[in-house]
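Structure first, then comments.
The values are calculated or read from the model by the stated rules, or taken from the named source; none is laboratory data. Worth saying up front: this structure is predicted, and the values here are computed from it rather than measured. Here the Cβ positions follow ideal geometry from the backbone for every residue, glycine too, while neighbour counts run over all protein chains shown.
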Amino acid sequence: MLPGDVLLSTLCRPMLTITQDTTDPPGIHDTHIRMCDAYLYEIHGLGPYKGCFEIVSEVIAPYGIAPEDIPDPFNGFLNLQYDCDTKAWIAREPVTKPGDYIEFVAEMDCLIAISNCPEDRLTDSSGKKCTPLRVQVFA
Ligand SMILES: [Zn+2]
């Protein structure tokens, strides 16, 4: 997804337009995989642990949105690519550097919940770590 591309709602209405993406190359984001959840951490032996699904579910619950009504996520900066040889989705090294950002313009009123994915708990042995995420909203 590149600047000028539009994210659509589940009813195919323009929701957010990407106006800037400072990564090099730009457009390395994912919309293929769903959020991590407590079950993922459980099957990997990490015990009870909240994933993005539980985190987002809790913060949007006061708005009357049920967990099962949460749409699939926009996974900003996730470099997920399909490997035709292994026929599997592979998370590649991120292309981001400190200070990179993506900017959107809202095309409708939006309720946006963000989780800075805690999935690095599953990849500690690889040395990959999630880094802080800064969000700014301009009215
Ligand atoms: Zn996650």
Answer from 78, 46 - the residue that is assigned to a loop (DSSP other than H, G, I, E, B), within 16 Å of the ligand (Cβ to nearest atom) and closer than 17 Å to residue 131 by Cβ: 78
The stretch 54-75, residues that are within 27 Å of residue 100 (Cβ to Cβ) and part of a helix (DSSP H, G or I): 55, 56, 59, 60
Within the stretch 1-21, considering residues that are surrounded by 13 or more Cβ atoms within 10 Å (Cβ to Cβ) and among the hydroxyl-bearing types (Ser, Thr, Tyr), the one modelled with the highest pLDDT: 17
Residue match in the stretch 116-138 (condition: at pLDDT 90 or above, surrounded by 12 or more Cβ atoms within 10 Å (Cβ to Cβ) and over 20 Å from residue 20 (Cα atoms)): no
Residues (of a type in the set (Ser, Thr, Tyr) and either closer than 26 Å to residue 5 by Cβ or without any contact (Cβ under 8 Å) to a residue 40 or more places away in the chain (or both)) located in the stretch 23-62: 23, 31, 39, 57
Lone qualifier among 73, 118, 132, 67 - being in contact (Cβ under 8 Å) with a residue 60 or more places away in the chain, within 16 Å of the ligand (Cβ to nearest atom) and within 17 Å of the chain's Cα centre (by Cα): 118
Number of the condition not met by residue 104 [criteria: (1) more than 22 Å from residue 38 (Cα to Cα); (2) of a type in the set (A, V, I, L, M, F, W, C); (3) within 13 Å of the ligand (Cβ to nearest atom)]: (3)
Any chance residue 38 is in contact with a Phe, Trp or Tyr (Cβ under 8 Å, 6 or more places away or on another chain), over 17 Å from residue 133 (Cβ atoms) and within 14 Å of the ligand (Cβ to nearest atom): yes
Test: residue in the stretch 3-26 that is within 16 Å of the ligand (Cβ to nearest atom) and closer than 23 Å to residue 132 by Cα: no
Candidate set from the stretch 32-59 (those that are β-branched (Val, Ile, Thr) and surrounded by 13 or more Cβ atoms within 10 Å (Cβ to Cβ)); member that is nearest to residue 118 (Cα to Cα): 55
